[in-house]
1. Given the criteria crowded, with 18+ Cβ neighbours inside 10 Å and within 18 Å of the chain's Cα centre (by Cα), does residue 129 qualify?
2. Sort out which residues of the range 70-90 are hydroxyl-bearing (Ser, Thr, Tyr), closer than 14 Å to residue 17 by Cα and surrounded by 14 or more Cβ atoms within 10 Å (Cβ to Cβ), and write them in order of number.
3. Keeping to the range 97-115, report how many residues are over 15 Å from residue 15 (Cβ atoms), outside any loop (DSSP other than H, G, I, E, B) and without any contact (Cβ under 8 Å) to a residue 40 or more places away in the chain.
4. Kindly indicate whether any position in the range 160-173 is closer than 20 Å to residue 45 by Cα and modelled with pLDDT under 85.
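The values are calculated or read from the model by the stated rules, or taken from the named source; none is laboratory data. This structure is a prediction, so every number in the text was calculated from the model and none was measured. Cβ: placed from backbone, ideal geometry, glycine included. Neighbour counts: every protein chain shown.
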Amino acid sequence: MKFFTPFRKKSPWVLHYNAGSCNGCDIEILAALGPKFDLERFGVINTGNPKQSDIFLVTGPVTYRSRERLVELYSQIPEPKVVVAVGSCTTTGGVFRGMYNVEDGIDRYIPVDVYVPGCASSPQLIIDALVKAGEILEAKSKEIEEPFKLFGAIETIGNKLSRLNMAKKVEHDKN
């Protein structure tokens, strides 16, 4: 796992999912990936496979039909993962809020790390959000890589390691 950490930091893979938008933000994402803004200079690669992606880029309001797929895609992305909500429709429901087939923002269903404002969001804001998502991804990678400490004393019985006292109940502060 430690071998891949520097590479993950430098080249996050993005899974883009349209939850039912007007395609305004999607066009801006494609513009950001195009040669004028060149998002790939930061190592960002757009992928279609959730099992290979690090950043989940979501556009559009969450509809009743897209809700289950959204949660399913989120659960298929391996840890550490970062979710980026692009546009006002994704964050709050936008102009579609209150319609019969639209839920509110995606943070009701999956945790969001970076919000991108606007209708439609500009490529500069999307690039800034993906750079921020890369920083969050690096921090989450470091949290996962920290070694954990076993509780209790390590004992040997004969020539074998005893695991009886290695784990104990963790007591949480009630402040």
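1. The answer is yes for residue 129.
2. 74, 90
3. Taking the range 97-115 as the starting set, the residues that turn out to be over 15 Å from residue 15 (Cβ atoms) are 97-105, 107-109, 111, 115.
With the extra rule that they be outside any loop (DSSP other than H, G, I, E, B), the set shrinks to 102, 107-108, 115.
Filter again for without any contact (Cβ under 8 Å) to a residue 40 or more places away in the chain, leaving 107, 115.
Within the range 97-115, residues that are over 15 Å from residue 15 (Cβ atoms), outside any loop (DSSP other than H, G, I, E, B) and without any contact (Cβ under 8 Å) to a residue 40 or more places away in the chain number 2.
4. No, there is no match, as no residue in the range 160-173 is closer than 20 Å to residue 45 by Cα and modelled with pLDDT under 85.
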